[in-house]
Amino acid sequence: MNSRTGDTEFRIGDVLNNTFRIEACLGSGGTSEVFRARNEISGRLVALKVLKAELADKEDFLVLMKREEEMRDIRHHAVVGYSENHRTADGHVYLVMDYVEGPSLEDKMKAGGMSAEDLLIVGRRVAEGLQAAHDRRIVHRDLSPDNIILKNGDPAKAVIIDFGIAKDANPGAKTIVGTEFAGKFSYAAPEQFGGMADARTDIYALGMTLLATYRGKSPRLGGSLIEMLEVKKQEVDLQDVPQPFAGLLARMLAPAPADRFQSCQEILDEIDRITGKTLATSTATGAGSLPPGLLGLPGTEPEPVSSEKSVPPKVNKPAKAKPEPKKKRSLLPRLLVVLLVGALGAGGWFFYSTQIASRLPFADPYVLTAERGEIGGPVLNGNVPTQEMLDSLTERAARQNGSQNLSLARGDISEGWPSAVAEVLSAADVLNSYKLRVEGNNITISGHTTDAGVNENVQQFLRTASLPDGMQVSGRIDFVPPILPVAEVRAIIDTAADCGALQLISAPGESYEIDDTIEVGGTLSSPESRQDLFDSLNAVAEGRDISITTELLNPALCVIEGQLPNLPSRGIEVALEFGATGHPNPSGEFFVGENPVIDVVLPANLQDGYLYVSIIDVTGSVFHLLPNVARPENSVAKLRNGKSGTVPIRVAYPRSEAAPDKIAFLVDDSLLGKSKVLVLHTATPIFDTFRPISESAEGYAEALKQVNSNGEVTIDALDSRLLTLSVPG
């Protein structure tokens with residue numbers, strides 16, 4: 001394989017825009033990779049966030065990169081410094097950031113955690129950085145241990161390094177992620193599952209991050225999505241956390257945003273209050289003691305702190321249309337209408353409310369509830385004002401295999417109560433589950449859906465519903481990505497495979513959970529194939545990260561790959577050298593005019609069988625390096641020639657040693673692209689006659705197909721290595 005670091009095809013040593021030389025790959029996610037690079041002009045180390053190639057022309061992701069670039073306006077020591085976006089000549093988009101050396105909180109968590117004392121220092125520093133962002137109405141939405149770095153390992157120098165899905169709350173700002181979920185489920189605030197996020201959302205995520213780092217393990221929230229949502233709605237158990245650290249976390253992690261600190265400035269004030277007092281005798285109950293040196297009052301809950309800076313960012317709610325003023329009417333026509341309708345035996349709201357409803361019991365409070373789980377129909381209980389509505393709801397419950405226990409009653413409710421309730425119930429029907437409560441003229445609803453489009457539509461309804469005068473609706477809908485079976489993902493990659501089999505990397509047992517990454521490896525024939533695969537996976541991923549680490553091969557290589565089963569390796573190394581100097585070439589890249597030298601290195605445990613070594617180039621030609629008519633011997637035992645241990649077998653030579661039985665070749669501009677060295681191992685010979693030194697990929701593929709179909713001889717192992725043939729520059 002070459003030294004390509006990922007889908008971006010950046011290699012260590014590559015120089016981007018004549019300025020940034022790639023030194024290492026720091027990490028990879030579903031949409032981008034991060035590299036450490038050095039500015040060739042200044043010598044300064046930087047971090048480059050590179051958008052995945054298949055996303056580089058998608059407007060939504062480009063807007064996100066631009067938005068992250070605009071974080072450079074936030075000048076704070078706890079927020080990583082951003083520079084600007086660049087685009088390379090071949091279309092890759094990358095963002096230049098400060099490089100921060102040091103362990104992440106995730107590294108600390110995996111190493112066993114940190115003390116409460118150190119985490120108070122970290123919390124104060126990060127809260128300062130978040131407050132700087134919140135002052136500009138920027139909400140992070142994805143704070144977690146992996147994006148907080150301790151510069152040089154110092155808790156007092158914590159730095160937030162990733163604002164990749166930050167939400168701009170300024171009026172008029174475009175929302176890219178919309179009301180769909182953004183963030184990591186384990187650290188996300190409960191309201192985030194309903195698409196809501198403000199400064200208090202970041203406060204919750206910071207609290208959960210500090211707690212996980214203290215405990216040395218990530219939060220475990222249950223075995224299913226529904227269990228996780230229920231856990232999120234409960235107070236966090238902090239019995240194992242010492243005071244006053246536990247008291248601080250309790251207010252940061254309150255399930256209801258209104259019960260949390262309302263701003264990061266309040267957190268700073270509280271930490272100052274804690275650390276500004278003398279350590280008293282421990283009286284904590286149900287909690288561990290503080291590590292030595294942490295100043296505070298064990299066993300006390302933090303007091304509310306008042307601050308003028310604690311007002312949360314305002315959220316602009318759409319204004320409801322003002323109702324038209326009611327026109328004054330003469331009382332006589334209305335009385336005539338009532339008398340006429342009464343005489344005809346029909347009913348209307350006015351007649352009902354004045355003649356019939358007056359005989360119904362008066363309910364106070366006036367309550368109707370409706371509830372439907374994922375299994376079964378709706379259950380309706382409570383009061384309704386008219387026989388017509390009672391009949392309608394009874395029919396609805398029966399049609400949906402539900403039940404009702406409803407009573408006719410009058411109450412202090414709006415004239416538009418029946419139509420408003422019917423409208424909200426209709427909106428709730430598309431949810432997987434819901435709970436609805438109508439008390440007086442106020443309707444509240446909660447529920448969940450596994451469909452992002454349904455979530456968006458219902459959220460929009462709750463924000464903009466124009467209900468009859470006097471009626472109000474509010475609530476929260478949780479978006480829960482559906483369980484994704486591994487079999488469904490495997491079927492997608494099997495369909496997309498056009499250059500040999502694709503593999504799922506680190507796939508879970510039966511299904512992908514909400515925080516899992518879908519990782520695919522193997523080979524594909526073109527960038528278009530990779531884009532199609534990404535789009536197909538993205539259609540079912542429901543927010544899960546997707547990582548496609550496939551090699552792109554030329555059509556000739558794909559013809560051969562299609563005939564080779566998914567074989568194991570025998571540990572045979574393909575070593576490359578420069579023919580002119582004899583120096584190793586670990587990258588596998590050769591330029592026009594260079595002379596590749598190829599050695600097949602036999603491991604010590606490989607003593608028998610037969611080798612078939614070929615190289616397939618971009619023109620569709622296959623060159624058989626071993627065996628061929630000029631070099632017929634391919635028995636492992638004879639190739640070893642009595643030598644034990646690791647033995648190199650040269651199959652392509654320096655130009656100076658070229659001979660009829662020693663193949664040597666130069667790279668010319670007709671071979672640019674990727675070529676591949678294939679090393680097949682078999683227990684017995686697979687061909688009755690020698691293959692020609694050169695043949696077409698189709699001819700060799702047909703020969704391999706015959707070998708696979710007769711079942712008499714099997715290819716038991718495959719090792720390979722890619723060569724990249726390029727033009728300097």
### Task
Tell me the label-point distance for the pair residue 403, residue 706, using the 7 Å Cα-to-Cβ offset, in nm and rounded to one decimal.
7.4
### Task
Let me know the shape class of the stretch 18-98, please: from the alpha-carbon gyration tensor, a ≥ b ≥ c as square roots of the eigenvalues, rounded when a/c is under 1.5, otherwise prolate if a/b is greater than b/c, or oblate.
oblate
### Task
Can you tell me which of 694-704, 523-533, 398-408, 240-250 comes out highest on packing, and rank the rest after it, using the mean Cβ neighbours within 10 Å?
240-250, 523-533, 694-704, 398-408
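Among 52/705; 52/674; 58/184; 58/217; 151/674, which pairs are too far apart, with a Cα-Cα distance over 30 Å?
Over 30 Å Cα-Cα: 52/705; 58/217; 151/674.
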### Query
At what distance in nm do the modelled label points of residue 422 and residue 696 sit from each other, each positioned 7 Å from its Cα along Cα→Cβ?
7.2
#### Entry: Virtual spin-label span in nm between residue 235 and residue 488, 7 Å along Cα→Cβ
3.8
## Note on the structure
Total charge of the residues flanking residue 617 in space, meaning their Cβ is under 11 Å from its Cβ, with Lys and Arg +1 and Asp and Glu -1, is +1
### Message
Would the stretch 566-726 count as rounded, prolate or oblate if I go by the C-alpha gyration tensor, calling it rounded below 1.5 in a/c and otherwise prolate when a/b exceeds b/c, oblate otherwise?
### Response
oblate
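Which shape class applies to the stretch 389-525: rounded if a/c is under 1.5, otherwise prolate when a/b exceeds b/c and oblate if not, where a ≥ b ≥ c are the square roots of the Cα gyration tensor eigenvalues? Intermediate values should be presented prior to the final figure.
On the way: a/c = 3.88, a/b = 2.91, b/c = 1.33.
Cα axes put the stretch 389-525 in the prolate bin.
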### Query
When the dipole is taken about the Cα centre of the stretch 430-585, and only Lys, Arg (+1) and Asp, Glu (-1) are charged at their Cβ, what size is it in debye, to the nearest 20?
420
### Summary
Burial-style ranking of 434-443, 199-208, average other-beta-carbon count within 10 Å with highest first, yields 199-208, 434-443
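None of the figures in this text is laboratory data; all of them are computed from the coordinates on show. Since we're looking at a predicted model, the values are computed, not measured. Note that we place each Cβ from the backbone using ideal geometry, even for glycine, and neighbour counts take in every protein chain shown.
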